[in-house]
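Only one structure is covered here, and it is reproduced in the block below.
The values are calculated or read from the model by the stated rules, or taken from the named source; none is laboratory data. The model shown is predicted, which means the values in this text are computed figures rather than measured ones. Because the Cβ atoms are built from the backbone with ideal geometry, glycine has one as well, and the counts that use them run over all protein chains shown.
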Amino acid sequence: MIFWRAIVAAALVATSPALLAGEIPPDARRSGYSFMGPDTRAMQDDDSSNPGMLFVLDGEALWTKKVGTADKACADCHGDARSSMKGVAVRYPAFDKAQGRPVTLDQRINLCRANHQQTAPLPYESRDLLALSAFVAHQSRGIAITTGDDPQLNPFVEQGRNLFMRRQGQLNLACTNCHDDNFDKRLAGSPITQAQPTGYPLYRLEWQTLGSLERRLRSCMTGVRAKAYDYGAPELVALELYLMSRARGMPMETPAVRP
Amino acid sequence: MLNGAIRNVAGEAPIRTGKVKLDIPPLVENGNTVPMTVSVASPMTANDYVKSIHVFNEKNPQPNIGNFYLSPSSGRAQISTRIRLADTQKVVAIARLSDDSFWQVVADIVVTLAACTEELN
Amino acid sequence: MAALINIPAKAKRGDIIEIRTLTSHIMETGFRHTMDGTLVPRDIITSFTCRYNGTEIFRADLFPAIAANPYLSFFTVAKESGKFEFEWIGDNGYSSTASASITVE
């Protein structure tokens, strides 16, 4: 047993970039799931009582809906999402050659709509976009996150890391102050998590609906009384890229349930 | 308000404590969605069953939470749902049996606000 | 609107089975206000009914205190093979149905 763990640990160290100061080592990474109470965990565990699954169902319907002047559905190019989308969400945000920068899954969906379906993009945080990204990400449930492996992403991961470490807002707090240095403690009665984005888009009880990581990041920024970046802003993409690469190795849980 | 709502259901009938069990986290993770299970000890036969379960709260803007109607064919007098609680308060579950007797249980629930507020934009 | 129903596909006659339902609905309480102070009008599911081969076996009155995307679980005795029919009725003429089949041996 110890032998295997040593081999796996050596392999991990050999293949993954060195940990920077303050980063949580891979075997200490914990999903937000482990910080919740049993009732909320039960809500996530059962697909027939997980409200996020309602959105996955909606996304499944949208997947086969023909749209745009091209009159094409996602399924026309991508076939059965259960196989074609398996392992996709775990490497997002991903580098887009045409754009020359990383794009999130939501942005990728809208690029597909523009380029291949010839139809208007879905507004950020709209029900349809959330349903589609939930459906796609759900196909990667249980699969380990690999975001950040592409060396083209390095400068953007760096940008995201700097944003994570930077103090901001009237409360002058950086993400790292809570999520690296103080997880497992409490902020006004709620447990502070490590901020691992393993379950997005997720059903947040506070929102009473499904929401994206960008929505969560924006509300965190409002929480420290900083002006939140707009949806789709390069800063939010860089942050998401950094957070996903910081969660490398953890399995996706989409759609998660969180308080 | 709470008492008025209870009287609307039970009239002047006496409400005894017992038989009803309220399964609800004493400290909720988020007041917007609180899982709740109400169960009533009853054989659920044609002559002895739970007709209905009524759930009330003390401090929400409205005292009613839900009314649930059962029959002998329910097999088990147990319902689960998710409720909203605006503040730390009491939740009351009342069961009406087939003999039109009323039984209740009261639970004290602690509700805290979420740590970070969000701009509604 | 989407609905998720969970009932066992098969049961033995006389088994007590659990029926779990989840449907999407905002359940707007009617107590919230917009940023400029206007009251957001109530928009909730007010009633849920379940019929087993045409006979009502469970009914619920729902109030604003029921959380969004209402989840309801209840029990019934498996009597015969057939169909469960679920209906959600609410404000502003809201009406949604779903069904599920069961084989009882």
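Structure notes:
- Test: residue in the stretch A:102-118 that is surrounded by fewer than 18 Cβ atoms within 10 Å (Cβ to Cβ) and of a type in the set (Gly, Ala, Ser): yes
- Some residue of the stretch A:49-66 being modelled with pLDDT of 90 or more and farther than 19 Å from residue A:139 by Cα: yes
- Applying the condition of being facing another protein chain (nearest Cβ under 8 Å) and outside any loop (DSSP other than H, G, I, E, B) to the stretch B:72-109 and asking which residue is farthest from residue B:35 (Cα to Cα) yields B:73.
- Residues in the stretch A:107-119 that are touching a residue at least 12 places away in the same chain (Cβ under 8 Å) and within 14 Å of residue A:74 (Cα to Cα): A:108, A:109, A:110, A:111, A:112, A:113, A:116, A:117, A:118, A:119.
- Test: residue B:51 is more than 14 Å from chain A (Cβ to nearest Cβ), within 20 Å of residue C:19 (Cβ to Cβ) and charged (D, E, K, R): yes
- Yes/no for residue B:65 being within 14 Å of chain A (Cβ to nearest Cβ), among the β-branched types (Val, Ile, Thr) and not in a loop (DSSP other than H, G, I, E, B): no
- For the residues C:99, C:81, C:95, the requirement of being away from chain B (no Cβ under 13 Å), farther than 28 Å from residue B:56 by Cβ, of a type outside the set (Lys, Arg) and within 14 Å of the chain's Cα centre (by Cα) singles out C:99.
- Residue within the stretch A:64-72 that is surrounded by 20 or more Cβ atoms within 10 Å (Cβ to Cβ) and either in contact with an Asp or Glu (Cβ under 9 Å, 6 or more places away or on another chain) or not basic (Lys, Arg) (or both) present: no
- Count of residues meeting criterion [buried (at least 18 other Cβ atoms within 10 Å of the Cβ), among the hydrophobic types (A, V, I, L, M, F, W, C) and assigned to a loop (DSSP other than H, G, I, E, B)] in the stretch A:119-139: 1
- Candidate set from the stretch C:18-42 (those that are over 16 Å from the mean Cα position of the chain (by Cα) and part of a strand (DSSP E or B)); member that is farthest from the other protein chains (Cβ to nearest Cβ): C:39
- Whichever residue in the stretch A:39-60 is of a type in the set (Gly, Ala, Ser) and without any contact (Cβ under 8 Å) to a residue 24 or more places away in the chain and, among such residues, is nearest to the other protein chains (Cβ to nearest Cβ): A:48
- Sole residue being modelled with pLDDT under 95, crowded, with 16+ Cβ neighbours inside 10 Å and over 25 Å from residue A:46 (Cα atoms), chosen from C:29, C:34, C:38: C:29
- Scanning the stretch A:152-175 for any residue that is of a type in the set (Val, Ile, Thr), part of a loop (DSSP other than H, G, I, E, B) and either touching a residue at least 12 places away in the same chain (Cβ under 8 Å) or closer than 25 Å to residue A:47 by Cβ (or both) turns up nothing.
- Within the stretch A:229-249, the set of residues being among the aliphatic types (A, V, I, L, M) and surrounded by fewer than 22 Cβ atoms within 10 Å (Cβ to Cβ) comprises just one member, A:233.
- Output for the stretch B:86-101, where each listed residue is at pLDDT 90 or above, surrounded by fewer than 19 Cβ atoms within 10 Å (Cβ to Cβ) and of a type in the set (A, V, I, L, M, F, W, C): B:97
- The residues of the stretch C:12-40 that are free of Cβ contacts under 8 Å to residues at least 60 places away in the same chain, over 21 Å from residue B:66 (Cβ atoms) and not small (Gly, Ala, Ser), listed by number, are C:33, C:34, C:35, C:36, C:38, C:39, C:40.
- Residues in the stretch B:1-47 that are of a type in the set (Val, Ile, Thr), outside any loop (DSSP other than H, G, I, E, B) and within 30 Å of residue A:36 (Cβ to Cβ) were compared, and the one that is nearest to the chain's Cα centre (by Cα) is B:38.
- Which listed residue is in contact with a Pro (Cβ under 6 Å, 6 or more places away or on another chain) and surrounded by fewer than 21 Cβ atoms within 10 Å (Cβ to Cβ), from A:95, A:183: A:95
- All of A:212, A:190 fail the test of being within 14 Å of another protein chain (Cβ to nearest Cβ), touching a residue at least 24 places away in the same chain (Cβ under 8 Å) and buried (at least 20 other Cβ atoms within 10 Å of the Cβ), apart from A:212.
- The set of residues from the stretch C:43-78 being facing another protein chain (nearest Cβ under 7 Å) and in contact with a Gly (Cβ under 8 Å, 6 or more places away or on another chain) comprises C:60, C:61, C:62, C:63, C:64, C:65, C:66, C:75, C:76, C:77.
- Entry remark, the stretch B:20-46: residues being closer than 15 Å to residue B:95 by Cα, surrounded by fewer than 18 Cβ atoms within 10 Å (Cβ to Cβ) and not small (Gly, Ala, Ser) number 5 in total.
- Picking from residues in the stretch A:203-223 that are under 13 Å from the mean Cα position of the chain (by Cα) and part of a helix (DSSP H, G or I), the one that is nearest to residue A:175 (Cα to Cα) is A:217.
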